[in-house]
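Structure first, then comments.
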Amino acid sequence: MNLKKYLDQQVEDCLASAGSPGAPAVVKQAGKPEFGHYQANGIMGAAKKLGVNPRELALKVVEYAEKVLHETATLEIAGPGFINITLSPDFIASKLTGMFADKRLGVTAESPQKILVDYSSPNLAKEMHIGHLRSTAIGDAAVKVLEFLGHEVIRANHVGDWGAQFGSLLAYMDRLENEGKPLATELKDLEQFYQKASELFRTDEEFARDAREFVVKLQSGDDACRSLWQRFINESISHCQAIYALLDISLTADDVKPESAYNDDLTEIVSALESKNMIEISDGAKCVFLPEFTGKNGDPLPSIVQKSDGGFPYVATDLAAARFRGQQLRVNRAIYFVDGRQALHFNQLFAISRKAGFFDKSQDFRHVPFGAILNKDGKPYKTRDGGAVKLADVANESISRALSLVGDKNPGLTEQDKADIARVVGVGAIKYAELSKNRTTDYIFDWDTMLSFDGNTAPYLQYAYTRIMSIFRRATSDNELNNVAFRLEEPAELALAFKLLQYSEAVEGVTEDFQANVLCTYLFELAGLFMSFYESCPVLKADDETRDSRLKLCDLSARTLKHGLGLLGINTVEQM
Ligand code: ARG
């Protein structure tokens, strides 16, 4: 049960009985967690609208609320008309018992929708670089949370596998083949392959001519050229899949629906726009002008849907994809996790699609943007020579740094255990660093912070989890915890219990604005409250009933931490 939503509803009903229907209750958690406080702040606004004294309205609301909430909480008017709601320890204990017995940890499913999530979506002409971490990690967490909330989720990896940049690659493959060099070996380092090809394109005229010819051949469906291209694409996709596997990302090869899959729809998209009189020719290109998009000087800003040479740009493919998602898949929602610098592209894309009827008003298409990854000096994160930092290198470096930390922390582990733990910690650290930030702002990529065992990091949470596991390795009680009653007496116990009950608020909070940091902050606070509880309340040395109640709190804390981290795509280990 989502406590906040429940209290919101109760106070709103009471507001309605007190003569203010439809007024929002605005219930928020307030004060230290051990107090179990929520506060309703909406009374003042409602009183203002009604033209009555806020404290008098609050008094009426409390009168009604006491009737329905008397077993749940005590109510008190504070300040100019706030209502303080203090949950009773019995209520907390009984709800916690329910949560303990529930596999879903108290999170109820929402009414299911069909939701497409477009994420990761790298361009295949290059190796995945650090910038892809954002869309990939944030998108994968969103997908997991949405699925857990009961939705049918379609993962869409809209990879870029089409366009002029493939000309040089194909020309280079062709040249290598002619020279008798084994392509499979050459393609191992895709980044280098791409660099060599583009270098040749810049310096060798004959090569550049070949490259341009290859683009034409590719687009006209030439068989030999297509099969060469397919080899490159396959190689490139298997690189991506290897990175997804390394990073525990749930995208499979079946989730790839590349740009090229929409080729056959592109002319039709343009005719559809033409038949709606949406196309204007400008400098030989077919453009859509919408009044809401203007440039700096107020001039109308075009979206070019077909270039003067007949080629189709990025937006054309995206229009075809949007139509497919809207009309064929009939999604309720389509969420695009893409860099904030593409905001204009998506605004135009959605505006054109809506006007052309590619999806309708009931379908929610949305760009979820994010900022850039910076180095400590606030500059874009690059290699020393200014190149893109490969995502695979980032992952491997994180794992090797984690390995030395784990070795320092627990030298007695076997090499295999150390390696297994390092992978979970290293991968967790970089993903969590992403997810714990407000996604809209740029963030600084800093190894020391993200791999620290203190602070709001994955290693800290993973370590908290292992602390709980170690309690269970030493515990001797064989009472079935399901039958044990919670005894919540110490402030630290109440605080932890209250926090645990807010798990569903945290999970549901993620999808409100696709800020995974809502869940990260929750888990961080939960781990902190667990640590304080563990410091002030002996578990194994307590008398039997208290010990079992505390073990039950430990167990629920561990399950909640593990589950929450799992939704973020982060694993746990039993010891570290
Ligand atoms: N391939 C694009 C890029 O790397 C991102 C694609 C995002 N998805 C989309 N439907 N446009 O910038």
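Bear in mind these aren't lab numbers, they're just calculated from the coordinates by the rules spelled out. In this text, all values refer to a predicted model and were calculated from it rather than measured experimentally. Note that each Cβ is placed from the backbone with ideal geometry, even for glycine, and that neighbours are counted across all protein chains shown.
Find out how many positive minus negative residues lie around PHE324, taking Lys and Arg as positive, Asp and Glu as negative, among other residues whose Cβ is under 9 Å from that of PHE324. Don't skip to the answer; put the middle values down first.
Numbers: positive: LYS257, ARG323, ARG325; negative: ASP265.
Summing Lys and Arg as +1 and Asp and Glu as -1 gives +2.
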Inset, instruction - Amide H neighbours of ASP442 under 5 Å, at least 5 residues apart or on other chains, H built in the peptide plane: list them. - result: ALA372
Inset, instruction - Any chance you could give the angle, 0 to 90 degrees and rounded to 10, that helix 503-513 forms with the longest Cα principal axis of the chain? - result: 40 degrees
Inset, instruction - Using amide H atoms built 1.01 Å from N in the peptide plane, name the residues 5+ places from VAL305, or on other chains, whose amide H lies under 5 Å from its own. - result: LYS286, CYS287, VAL288
Legend entry - Fewest-first sequence of LEU551, LEU169 by Cβ atoms within 10 Å of each Cβ: LEU551, LEU169
Inset, instruction - Just flag the trypsin sites (Lys or Arg not before Pro) in region 174-226 sitting in loop per DSSP whose Cβ has no more than 13 other Cβ atoms within 10 Å. - result: LYS188
Inset, instruction - Multiply the residue gap between PHE289 and GLU63 by 0.36 nm, knock off their C-alpha separation, and tell me the result in nm, one decimal place. - result: 75.5 nm
Inset, instruction - For region 28-42, take each phi angle, set θ = phi - 60°, evaluate the Karplus expression 6.51 cos²θ - 1.76 cosθ + 1.60, and give the result in whole Hz per residue in order, putting x for glycine and proline. - result: 10, 5, 9, x, 5, x, 5, 7, x, 8, 10, 9, 9, 10, x
Legend entry - For peptides 1-12, 364-375, sequence by mean Cβ density within 10 Å, most packed first: 1-12, 364-375
Inset, instruction - In whole Hz, with x marking every Gly and Pro, tabulate ³J(HN,Hα) for region 43-54 from phi via Karplus 6.51 cos²θ - 1.76 cosθ + 1.60, θ = phi - 60°. - result: 5, 4, x, 5, 5, 4, 4, 7, x, 10, 5, x
Legend entry - Net charge of neighbours whose Cβ lies under 12 Å from the Cβ of ARG212, counting Lys and Arg as +1 and Asp and Glu as -1: -3
Inset, instruction - Report, to the nearest 10°, how far helix 391-409 tilts away from the longest principal axis of the Cα atoms in the chain, using its own Cα long axis and a range of 0 to 90°. - result: 40 degrees
Legend entry - Sequence-distant residues sharing a close amide H with PHE365 (under 5 Å, placed H): ALA334
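Rank by packing, highest mean first: peptides 345-352, 33-40, with packing defined as the count of other Cβ atoms within 10 Å averaged across residues. Please list the in-between numbers first.
On the way: 345-352: 19.1, 33-40: 21.1.
Sorting 345-352, 33-40 by mean packing, highest first, produces 33-40, 345-352.
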Legend entry - For the chain, calculated [θ]222 nm from helices alone, where every DSSP H run of n ≥ 4 adds -39500 (n - 2.57): -17000 deg cm²/dmol
Inset, instruction - Convert each backbone phi in region 242-252 into a coupling constant with the Karplus relation 6.51 cos²θ - 1.76 cosθ + 1.60 (shift: θ = phi - 60°), then list the ³J(HN,Hα) values in order as whole Hz, x for Gly and Pro. - result: 5, 5, 4, 5, 4, 8, 6, 9, 7, 5, 10
Inset, instruction - Can you tell me the 0 to 90 degree angle between the C-alpha axis of helix 132-148 and the longest principal axis of the chain, rounded to 10? - result: 50 degrees
Legend entry - Residues SER236, SER111, sorted so that the one with the fewest Cβ neighbours within 10 Å comes first: SER111, SER236
Inset, instruction - Describe numerically, in nm with one decimal, the distance between label points set 7 Å from Cα along Cα→Cβ at ASP223 and at SER198. - result: 3.4 nm
Inset, instruction - Tell me the label-point distance for the pair LYS541, GLU71, using the 7 Å Cα-to-Cβ offset, in nm and rounded to one decimal. - result: 3.9 nm
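Among MET469, MET450, which comes first, then next, by fewest other beta-carbon atoms within 10 Å?
On the way: MET469 16, MET450 23.
Going from least to most buried by this count: MET469, MET450.
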